[in-house]
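The values are calculated or read from the model by the stated rules, or taken from the named source; none is laboratory data. Remember, predicted model here, so these are calculated numbers, not experimental data. Virtual Cβ from ideal backbone geometry, glycine too; neighbours counted across all protein chains shown.
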Amino acid sequence: MENIYHYLLGVSPKIKDPNYYELLGIEENTQEIAKIEESYRGQIQKLQKFGNNPKYKETILFLKGELRKACHTLSNSTLRIEYDLVLSEEKVEILEKEIQLLYIKGNLHPLEIQYIQGRSREMKISPVRVEKILRSKTKIIPPKGTEGENFWRSQRREEISILFLLISLAFLSIGTYYYFSKSQNLEKRLQMMETRISSKQPKDLPFVSKEKEIHDASSSSLEKNAVALPKNLSEMIYIPEGEFIMGSEKGSEDEQPMRKIHLDAYYIKRYEVTNQEYQEFIKATQHSIPYLPKKEAEPFNWDPLNKTAPEGKAEYPVVLVTWADAMEYCKWLSSRLQKNVSLPTEAQWEKAARGEKAFFYPWGSVQNGSKEYYANFAAGNTRDKDGFPDLAKVGSFPHGASPYGCMDMAGNVSEWCLDSYDKFAYQEIPSMNPLVTKEEASWPWKVLRGGSWHDSEFYLRTTHRNTARYDQNDIRWGFRYVILIK
């Protein structure tokens, strides 16, 4: 019978029923969450190689569930301690059976004791525990000499140290659980903080977050420590390394759970890519023009003969570009600038949009019901209440800037992200620089963020996720890019 753990996950062929550590391919008693999550991602990627084989469809679903349980259990200190205790008892039962097989006339030979000693080290069972098992079941003939007499005694200090460590971890876990059980919901506390800040703003002025003020005051010093940018990219915004809250408990199912994510520093474009900028790409590469043979797309279609954008729309965001088109643009710009240019990951996009305070909208909150002046969207079932029946020139809504100063991250055009779309991604993504990748041939769905001029207020939220095929285009979709530092 085929060993699915070995064939699909690379577990040792000798292991027929792996424990959680063996399933993830890590050492027992591993406590580093980053290492556990990294191993989990690696095992999931192994399974994806067999995704197109119908023979393993149900098996892969089963293994993904087992890997998810393993990662969840070992990443939680309390659950890990409980699991380690159960695992230890299971190993003891296995060792007891082996001892029974070696038991002859109530005695064990010194060579058999040495074998049991080696097995106990291999199974990581404490020497004291093994000694108790042997003394309760057999009459031991110890090895001769000092080594035999001190066989168990020499290792008891290590056993006591491990016991104290487990007790300390248990108390730490109980204290942590008590603290968080008494705390308010994270998002509620963040919104209360946001409300206190916004209440101090003058009512006749647009909302300006405290975080944005801090960023504006320190952006020059931040950029001194960042990589130098070409002069024609002075509009790039530096996003410093650090943590932020990703997701929302109040949003759709695919926005949950809320996660604390750490990102390396990067630059993101202040505005969406414009027709004028995309025109340079078309001219240099002879790439296909943005075009869709539908009546509603006629005002946005480029001239097929001259390969030019609609007249008078040079500073408007380019639309009718697919995810694949946007990737080609980034590839071309990378070569031109000799920089690592890419579409933003979902995490990079969301951090740039909401900052480190988990804002509901890029500007923080809605004041005086005047949300139509913060973004270009379909307000109150009409598309021209904000002054624009469809697209607006980039940067037309300065009051809607994000905490870092990014424009139009709510409304105008929905923006392509680098990630493949996965409804349950937030349950599995790592806490460090997450990116969901799947082969386009087997999974064509990519992520769009930010809402558009055609969408209602609900889609303007910084956490809202949308999806479309990588080879589709639309009058509502555009993009911006990031420049990676590392």
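Observations on the structure shown:
- Applying the criterion of being more than 18 Å from Pro403 (Cα to Cα) and modelled with pLDDT under 90 to the residues of region 310-369, the residue that is surrounded by the most Cβ atoms within 10 Å (Cβ to Cβ) is Asn368.
- Glu372 being crowded, with 18+ Cβ neighbours inside 10 Å, at pLDDT below 95 and of a type in the set (D, E, K, R): yes
- Meeting the requirement of 2 or more residues that are under 28 Å from Lys294 (Cβ atoms) and over 15 Å from the mean Cα position of the chain (by Cα), the strands (runs of 3 or more DSSP E) wholly within region 407-485 are 414-420, 445-449, 465-469.
- The strands (runs of 3 or more DSSP E) found entirely in region 240-323 that carry 3 or more residues being out of contact with any Lys or Arg (no Cβ under 7 Å at 6 or more places or on another chain) and farther than 22 Å from Leu391 by Cα are 259-263.
- Residue that is modelled with the lowest pLDDT [pool: residues in region 214-273 that are among the small types (Gly, Ala, Ser) and within 30 Å of Ile33 (Cβ to Cβ)]: Ala226
- From the list Pro403, Pro389, the one residue that fits, being in the same structural domain as Glu457 (by TED's automatic domain parsing), over 22 Å from Ile261 (Cα atoms) and either modelled with pLDDT under 90 or assigned to a loop (DSSP other than H, G, I, E, B) (or both), is Pro389.
- Filtering region 72-80 for residues that are surrounded by fewer than 17 Cβ atoms within 10 Å (Cβ to Cβ), touching a Phe, Trp or Tyr at 6+ places or on another chain (Cβ under 9 Å), assigned to a helix (DSSP H, G or I) and modelled with pLDDT under 85 leaves a non-empty set.
- Looking across region 1-37 at every residue that is touching a residue at least 60 places away in the same chain (Cβ under 8 Å) and not in a helix (DSSP H, G or I), the one that is surrounded by the fewest Cβ atoms within 10 Å (Cβ to Cβ) is identified as Asn29.
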